[in-house]
Number of protein chains: 2
Amino acid sequence: MSNPIDFYFDFSSPYAYLGSHLIVAVAEKHGREVRWHPFMLGVAMKGEKTFPLTQYPMKGDYSRMDFDRTARRHKIPFYMPVDFPKVTLAASRGFLWIALDNQATAIAFAQNIFEAYFVDNRDISDAEMVADIAAGCGVDRSDFLEAVQSSAVKAAFKSSVEDIVSGKKVFGAPYFVVDGEAFWGADRVGQLDDWLTEGGW
Amino acid sequence: MSNPIDFYFDFSSPYAYLGSHLIVAVAEKHGREVRWHPFMLGVAMKGEKTFPLTQYPMKGDYSRMDFDRTARRHKIPFYMPVDFPKVTLAASRGFLWIALDNQATAIAFAQNIFEAYFVDNRDISDAEMVADIAAGCGVDRSDFLEAVQSSAVKAAFKSSVEDIVSGKKVFGAPYFVVDGEAFWGADRVGQLDDWLTEGGW
């Protein structure tokens with residue numbers, strides 16, 4: 001089996017949501033597995049002294065236009081959430097906890113969280129809402145709520161974010177690493193595709 | 001004749017240099033003229049509270065890698081300048097002045113300035129060096145040096161930058177506008193190409 005594609009994302013990032021759709025087709029084409037890694041973009045931004053895209057005076061307006069145009073380009077359903085961005089601790093911790101037991105369920109859960117936020121405009125910072133989505137993926141609802149509040153899961157996620165930001169130097173989302181090569185941004189998925197096709201250049 | 005592609009750039013921006021190469025092929029393919037507009041990225045950054053890419057702790061290292069990888073991808077000669085970024089007032093004012101007389105000469109001059117910086121690692125903030133490049137394009141060297149120091153050309157460039165940043169809301173480089181549609185970044189030239197092919201979506 002070839003190396004997987006590591007996909008680093010924040011549930012609150014529009015480009016990560018768009019990238020999550022784009023990477024699936026590319027991974028399939030090259031017979032690569034996608035390993036999903038939620039992290040807290042806010043932690044990376046703090047060190048970089050950057051801000052959520054929409055908070056920049058001019059780049060903010062451009063970005064809102066570009067999210068929408070890029071979604072239409074690839075026929076990905078997308079509605080910019082009114083309340084943006086969100087801190088998505090319950091969803092991120094929940095992903096980690098579900099993934100301990102079943103990667104495929106965790107990915108389905110992540111896709112449903114993204115859809116809840118970027119299609120249905122629901123509040124993915126709300127642990128009860130997130131638990132409903134987990135339950136819809138066949139996860140026990142009360143076990144889920146207990147897990148995302150447990151010290152063990154909290155500590156595991158905190159340590160994972162530290163490793164991703166300080167260790168792996170992931171400063172934005174989506175961020176992909178395959179065969180040791182890093183690609184940042186939904187707009188770099190095409191180059192990642194070319195890289196795998198050509199074996200680098 | 002179809003609408004031109006407006007290309008906004010700073011002579012000191014690596015992605016603008018790469019974008020200048022990429023846009024030529026796309027413009028030719030679609031029978032569009034490219035209108036070059038130098039501006040001062042620093043002025044836009046001040047309002048946006050952003051910094052030159054290489055000054056971000058993590059994004060800086062990634063960007064240096066990505067400049068190089070993207071240049072190799074498209075077989076564009078590229079050597080990251082040691083002294084970066086540069087304030088390129090003489091080159092930008094000189095472009096405006098040359099363009100008054102001859103657009104094609106101004107574009108050849110701009111391409112040579114980019115090459116001097118990103119291939120030959122020369123100091124494009126030095127007016128004497130910039131005048132040598134102008135002379136190499138058939139422009140009178142002493143007229144050039146006089147022009148870039150004249151109040152009229154200084155004022156014209158200042159007003160052009162204000163219009164680009166405050167009026168047209170250009171916050172980064174390269175920035176392209178065609179048929180009223182804006183595309184920011186060398187990595188959006190592919191989408192611009194698709195947009196022209198499909199007539200939007």
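The helices (runs of 4 or more DSSP H) found entirely in the stretch B:14-81 that carry 1 or more residues being within 10 Å of chain A (Cβ to nearest Cβ) and within 15 Å of the chain's Cα centre (by Cα) are B:41-48.
For every residue, the table says whether it meets (1) over 24 Å from residue A:181 (Cβ atoms); (2) of a type in the set (A, V, I, L, M).
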residue	(1), (2)
B:20	yes, no
B:43	yes, yes
B:56	no, no
B:61	no, no
B:80	no, yes
B:93	yes, no
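Scanning the stretch A:147-172 for residues that are within 12 Å of another protein chain (Cβ to nearest Cβ) and not polar (S, T, N, Q) yields a count of 8. Here are the criteria: (1) crowded, with 18+ Cβ neighbours inside 10 Å; (2) of a type outside the set (Gly, Ala, Ser); (3) within 25 Å of residue A:121 (Cβ to Cβ); (4) touching a helix residue (DSSP H, G or I) at 6+ places or on another chain (Cβ under 8 Å). Tell me which single one residue A:21 does not satisfy. For residue A:21, the failing item is (4). Return the residue satisfying two criteria in turn: it lies in the stretch A:82-96 and is assigned to a helix (DSSP H, G or I) and either facing chain B (nearest Cβ under 10 Å) or hydrophobic (A, V, I, L, M, F, W, C) (or both), and of such residues it is most open to solvent (accessible area, probe 1.4 Å). In this case the residue turns out to be A:89. Taken together, the residues in the stretch A:35-82 that are β-branched (Val, Ile, Thr) and more than 21 Å from residue A:111 (Cα to Cα) amount to 3.
Let's see how each residue does on (1) under 17 Å from residue B:140 (Cβ atoms); (2) among the basic types (Lys, Arg); (3) in contact with a Ser or Thr (Cβ under 6 Å, 6 or more places away or on another chain):
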site: B:85; (1), (2), (3): no, no, yes
site: B:91; (1), (2), (3): yes, no, no
site: B:95; (1), (2), (3): yes, no, no
site: B:107; (1), (2), (3): no, no, no
site: B:111; (1), (2), (3): no, no, no
site: B:121; (1), (2), (3): no, no, no
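Which members of the stretch A:114-168 meet the condition of being out of contact with any His (no Cβ under 8 Å at 6 or more places or on another chain) and β-branched (Val, Ile, Thr)? Residues satisfying the conditions are A:119, A:124, A:130, A:133, A:139, A:148, A:153, A:161, A:165.
Residues that are on the phi < 0 side of the Ramachandran plot and open to solvent by less than 50 Å² (accessible area, probe 1.4 Å) within the stretch A:24-36 comprise A:26, A:27, A:30, A:32, A:34, A:36, listed in sequence order. Within the stretch A:75-85, does at least one residue satisfy the condition of being over 15 Å from residue A:173 (Cβ atoms) and among the acidic types (Asp, Glu)? Yes, because at least one residue in the stretch A:75-85 is over 15 Å from residue A:173 (Cβ atoms) and among the acidic types (Asp, Glu).
Residue by residue, here is whether (1) open to solvent by 20 Å² or more (accessible area, probe 1.4 Å); (2) of a type in the set (Ser, Thr, Tyr); (3) within 20 Å of the chain's Cα centre (by Cα) holds:
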residue: A:142; (1), (2), (3): yes, yes, no
residue: A:163; (1), (2), (3): yes, no, yes
residue: A:174; (1), (2), (3): no, no, yes
residue: A:194; (1), (2), (3): yes, no, no
residue: A:199; (1), (2), (3): yes, no, no
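Residue pairs, Cβ under 7 Å, 6 or more apart or interchain, first in the stretch A:50-62 and at pLDDT below 95, second in a helix (DSSP H, G or I) and among the basic types (Lys, Arg). List them. Every condition considered, the pairs that remain are A:53/A:59; A:54/A:64. Of the residues making up the stretch A:104-124, those that are free of Cβ contacts under 8 Å to residues at least 60 places away in the same chain and either within 14 Å of chain B (Cβ to nearest Cβ) or open to solvent by 30 Å² or more (accessible area, probe 1.4 Å) (or both) are A:104, A:105, A:108, A:112, A:115, A:119, A:120, A:121, A:122, A:123.
The values are calculated or read from the model by the stated rules, or taken from the named source; none is laboratory data. Remember, predicted model here, so these are calculated numbers, not experimental data. All Cβ positions, even for glycine, are placed from backbone atoms using ideal geometry, and neighbour counts span all protein chains on display. Ligands, DNA and RNA are stripped out before the accessible areas are found, and what is left, the full protein with its side chains, is counted by its heavy atoms. Shrake-Rupley method; radii C 1.70, N 1.55, O 1.52, S 1.80 Å.
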